[in-house]
1. Are there any pairs with C-beta distances below 7 angstrom linking a residue in region 52-66 that is touching a residue at least 60 places away in the same chain (Cβ under 8 Å) to a residue that is surrounded by fewer than 15 Cβ atoms within 10 Å (Cβ to Cβ), with the two at least 6 apart or on different chains, and if so which?
2. Given the residues M45, M81, which is the only one that is among the hydrophobic types (A, V, I, L, M, F, W, C) and either near the ligand (Cβ under 8 Å from one of its atoms) or at pLDDT below 95 (or both)?
3. Which ones in region 120-133 are closer than 13 Å to M81 by Cβ and either within 8 Å of the ligand (Cβ to nearest atom) or buried (at least 16 other Cβ atoms within 10 Å of the Cβ) (or both)?
4. Kindly evaluate I73 against the criterion of being at pLDDT 95 or above, farther than 30 Å from A117 by Cα and touching a helix residue (DSSP H, G or I) at 6+ places or on another chain (Cβ under 9 Å).
5. Considering only region 76-88, I want to know if a residue exists there that is farther than 19 Å from G131 by Cα and not aliphatic (A, V, I, L, M).
6. If we scan region 8-19, do we find a residue that is buried (at least 17 other Cβ atoms within 10 Å of the Cβ), more than 16 Å from the ligand (Cβ to nearest atom) and modelled with pLDDT of 95 or more?
Amino acid sequence: MPKRAHLFAGILASACIATFLLSTIFVELFGSRPSVANLKSLIVMPGLWILVPCIAIAGGSGFFLAKTRKGRIVDSKKKRMPIIAANGLLILVPCAIVLNRWAAAGSVDTTFWIVQAIELLAGATNLTLMGLNIRDGLRLSGRLRASTPAAVQART
Ligand code: HEM
């Protein structure tokens, strides 16, 4: 059960961030002001209400699964998790909330774009770290083959 929850929450959290990132870039490049405001609102609700619990479940279940595992791959996953959590809670969530307020109020000015750039950067960072955690997770579960003898050894 924790394994399934971990897999599901990890993949869903990553899919959320990828969706927020790509839809933001797409709508801000090609969409109208109302569609930008609409997207910003959807990212907060339901977006953050799906993303934040998924990150928490992925992290919690990950540390639970790691109780019986040792090795370099597990250590790397453990080190990435606090960065993913801090980036999510301290940067992505506040950015999404203020951008939503500003877009709804029609104040799309320089400050909006600076915060937007910070949000995109934090989103891309989290997506990369979560992607690495997925790759390492699939190696740990044996679904993805470790490519070198050193990588095989790191699994144990
Ligand atoms: C958002 C962060 C994370 C994501 C996206 C993620 C993703 C994944 C994925 C996709 C799997 C493969 C599951 C399967 O094939 O059934 C996995 C397995 C695993 N993950 Fe994570 N993970 C994350 C965080 C963590 C953390 C913080 C730990 C703690 C060290 C951890 C420990 C593990 C372990 C031990 C496995 C292997 C489970 C097994 O088959 O025995 N994960 N992870």
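1. Note: pairs meeting the criteria are F64/P2; L65/P2; L65/K3.
2. Exactly one of M45, M81 is among the hydrophobic types (A, V, I, L, M, F, W, C) and either near the ligand (Cβ under 8 Å from one of its atoms) or at pLDDT below 95 (or both), namely M81.
3. Answer for region 120-133, where residues must be closer than 13 Å to M81 by Cβ and either within 8 Å of the ligand (Cβ to nearest atom) or buried (at least 16 other Cβ atoms within 10 Å of the Cβ) (or both): N126, L129, M130, N133.
4. yes
5. Quick first cut of region 76-88, residues farther than 19 Å from G131 by Cα only: none.
No; the residues of region 76-88 include none that is farther than 19 Å from G131 by Cα and not aliphatic (A, V, I, L, M).
6. Looking through region 8-19, none of the residues is buried (at least 17 other Cβ atoms within 10 Å of the Cβ), more than 16 Å from the ligand (Cβ to nearest atom) and modelled with pLDDT of 95 or more.
The values are calculated or read from the model by the stated rules, or taken from the named source; none is laboratory data. Since this is a predicted model, take the numbers as computed values, not measurements. Note that we place each Cβ from the backbone using ideal geometry, even for glycine, and neighbour counts take in every protein chain shown.
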